[in-house]
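To start, the structure itself, in structure tokens.
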Amino acid sequence: MNLSIAVVGAARVGKTLFCINFAEYLGARILSYTQSGGAGQGRGALSPDAARERMVNHGRRGNGVVRTFTVHLPQRKPYRRIALIDTASLKENNPLPRSGRSALLLTLQAIHSAAVVLQMIDLSCGDPARHEFDDRVGRHLADYCRWQGKLFLIAGSKADLPVNSHQARIAVSGKMLFISSLTRAGFSRLQSAILGEASSLNG
Amino acid sequence: MALLPKINLTFSYCKKAPFPVPFFSHFLLELRILVQCTERGGRMYLLSRQPYAPVDNHLWRKIERGELGTLEALQRMGELRPGSVKREELQRDSAVAAAAFWELKQLVGLTEVKQIVEEIKAYIEIGQQRAAHHLKCEQLVLHMIFSGNPGTGKTTVARLLGRLFKGLGVLARGHLVEVERADLVGEYIGHTAQKTREQLQKAMGGLLFVDEAYSLGRGGEKDFGKEAIDVLVKAMEDNRHDFILILAGYRREMAAFLKLNPGLSSRFPIQIAYPDYSVAELLEIAEMMAQQRHYSLSDAAKKRLQRYLAERKRDLNFSNARLVRNILEKSIRRQALRLSRRERLSREELIIIEEADLAVEEQ
């Protein structure tokens, strides 16, 4: 059985680093991936180090790319393969520019195709506008997942940094798990939450 | 290491392109120049492969055209129900369904109606649970025929059904559009179809209640009423899960109407007969109506009303609960007139409707 997890969130929240590190945490030594948006469509395979070096975006803006990392879990139950979908950053601008529209389209399609939706919010962020945006995104995602029967989780990222208390109180109807993509703190709990609850969803 | 560019030509097939294709509507012959890059530590192959399902949804197209921002798009997705774009507005609200069902239970009499509605409600609820377990669940066709004398509760029940079905997620809006012959039948050729379609459009997501539906069958072959029936029948088939059609009318006339239109009866799987209320039930209705308005009938008034209803029940045009409501409303006005001549009034006097107030003579 395969499981797909869509990782969504605003720009610079740590989605790509999370996907790479979580894939490595799950046991992947080579990261095979497909991607679309941004520079074009493609697929390939990279070592985690190379992926971190090339894929993690250190700029202020998202790159509009949606990548799917596939992690094979031999001998593991209940899933043999996990797809971690690193989506494009969700932006508040309205109307969106043409490039933003195609990134949003790809992201929403990725969410639509995934069994688990993991929203990442930046716990260290102190921008009230960003909190409000994350909050509204979370509400809509929670609503969507409820109707579609998908598992919806919220990961408070950058938990290794000083936490902004306002962001931690974000009022969305999901489960908040504190993680650090960098130090991998909280990955164990996240793994059991995803695998445990997703398998119970599948009956 | 220097980049080693290599040029490949590929042809890809796409049944439905995610963007308008100017020359090929179904087949997109796509020429791509692919650059294969090789660097230290990893390889990247750029291929023309679409990792996600082709876009065939109206919502996706709106996003692509930039008509929806991020939050609006997410909100629209949140309203999306699996499997059907048309049913995206449907939302279950168990509180609305429970309230409507409770109100239906509170109605006096109507045992058969309550039984049928309970069956439908149970079927829908169990169907939703079956769907959650990936079991097949056929959606019921819920077009109905209500036959009964005036004042037997046909419209009241229809209104409650609208709320109940909305609460259960069967109808998107659950509103009731009440029409009669004049709202459907036109005056010249083609006018009837247009008028009927307008009413059907208004009723989408709710119930279309055609009162005195038998009048559509009157007037013979050349009457435009037949055209209205044909349009309704077509809409029943085409939009069977988007609205519910209820044909209502007096029992005898409806039976004759259905005989004249063979094939119509079988399109209405739910046919409910509304019996006349008994005198005891009508008295109960009178007390309930008075209570709802913060009034109460005195014992003498009750006895007088009971005698009057027993006498009137034999009339051909006896209008059941509607007659009771008319009597009560007139009696309330009479009580007010009587009390207005007095100076000091107790709370009890303001509530009680005496025998003398009862407006039973001219009804």
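Only the coordinates and a few stated rules stand behind these numbers; no lab work does. Keep in mind it's a predicted model, so treat the numbers as computed, not measured. Cβ: placed from backbone, ideal geometry, glycine included. Neighbour counts: every protein chain shown.
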With a cut-off of 8 Å between alpha carbons and a minimum separation of six or more residues, what is the relative contact order of the range B:279-357 in percent?
46 percent
Given pairs B:Lys114/B:Lys226; B:Lys195/B:Lys222; B:Lys202/B:Lys259; B:Lys136/B:Lys202; B:Lys62/B:Lys136 and cut-off 21 Å on Cα-Cα distance, the over-length ones are B:Lys114/B:Lys226; B:Lys202/B:Lys259; B:Lys136/B:Lys202; B:Lys62/B:Lys136
Normalised alpha carbon radius of gyration of the range B:279-357 [divisor 2.2 N^0.38 Å]
1.12
What are the residues whose amide H is under 5 Å from the amide H of B:Gly153, where those residues sit 5 or more places off or on another chain and H is modelled from the backbone?
none
Relative contact order of the range B:166-269 (C-alpha contacts under 8 Å, at least 6 apart) in percent is 29 percent
Per-residue average of other protein chain Cβ atoms inside 10 Å, peptide A:97-109 -> 5
Segment B:Gln139-B:His191, extension gain: residue separation times 0.36 nm, minus the distance between their alpha carbons:
15.4 nm
Out of B:Ala286, B:Ala321, B:Ala336 - ranked by how far each Cα lies towards the positive end of the dipole of the range B:279-357, with unit charges on the beta-carbon of charged residues - the top one is B:Ala336
Net charge contributed by nearby residues that have their C-beta within less than 13 Å of A:Ala23 (K/R +1, D/E -1):
+3
Over the range B:86-274, what is the relative contact order in percent, taking alpha-carbon pairs closer than 8 angstrom and at least six residues apart?
29 percent
Per residue of A:125-138, how many C-beta atoms from partner chains lie within 10 Å of its own C-beta, taken as a mean?
1
Cα→Cβ-extended label distance, 7 Å offset, between B:Ala98 and B:His294, nm:
2.8 nm
Can you list the trypsin sites (Lys or Arg not before Pro) in the range B:198-256 that are in a DSSP coil and have 16 or fewer other beta carbons within 10 angstrom?
B:Arg218, B:Lys222, B:Arg240
DSSP loop trypsin sites (Lys or Arg not before Pro) in the range B:308-353 with at most 16 other Cβ atoms within 10 Å of their Cβ, which ones?
B:Lys313, B:Arg314, B:Arg341, B:Arg342, B:Arg344
Given the range B:120-181, what whole percent of its Cα pairs are spread farther than 12 Å?
74 percent
Per-peptide average of other Cβ atoms within 10 Å, ordering A:149-162, B:172-185, B:119-132 highest first
A:149-162, B:172-185, B:119-132
Calculated P(r) tail over 25 Å for the range B:86-274, as whole % of Cα pairs:
34 percent
Under the Karplus relation with 6.51, -1.76 and 1.60 and θ = phi - 60°, whole-Hz ³J(HN,Hα) for the range A:96-112, x at Gly and Pro, equal 7, x, 4, 5, x, 5, 5, 5, 5, 4, 5, 5, 5, 5, 5, 4, 5
Just how far, in whole angstrom, is the range B:242-266 from the range B:275-298 if you go by their alpha carbon centroids?
31 Å
Cα-projected label distance for B:Ala122 with A:Arg189, points at 7 Å along beta-carbon direction, nm:
4.6 nm
Given the range B:195-325, report the % of alpha carbon pairs whose separation exceeds 21 Å.
55 percent
So which aspartates and glutamates can B:Lys303 reach, going by Cα to Cα under 16 Å and dropping same-chain residues fewer than 8 places off?
B:Glu281, B:Glu284, B:Glu287, B:Glu311, B:Glu354, B:Glu355, B:Asp357, B:Glu361
Of A:Ser102, B:Ser278, A:Ser188, how do they rank once you tally other Cβ atoms within 10 Å and put the fewest first?
A:Ser188, B:Ser278, A:Ser102
Virtual spin-label span in nm between A:Leu182 and B:Arg341, 7 Å along Cα→Cβ
9.1 nm
Peptides A:137-145, B:266-274 ordered by average Cβ neighbours within 10 Å, highest first:
A:137-145, B:266-274
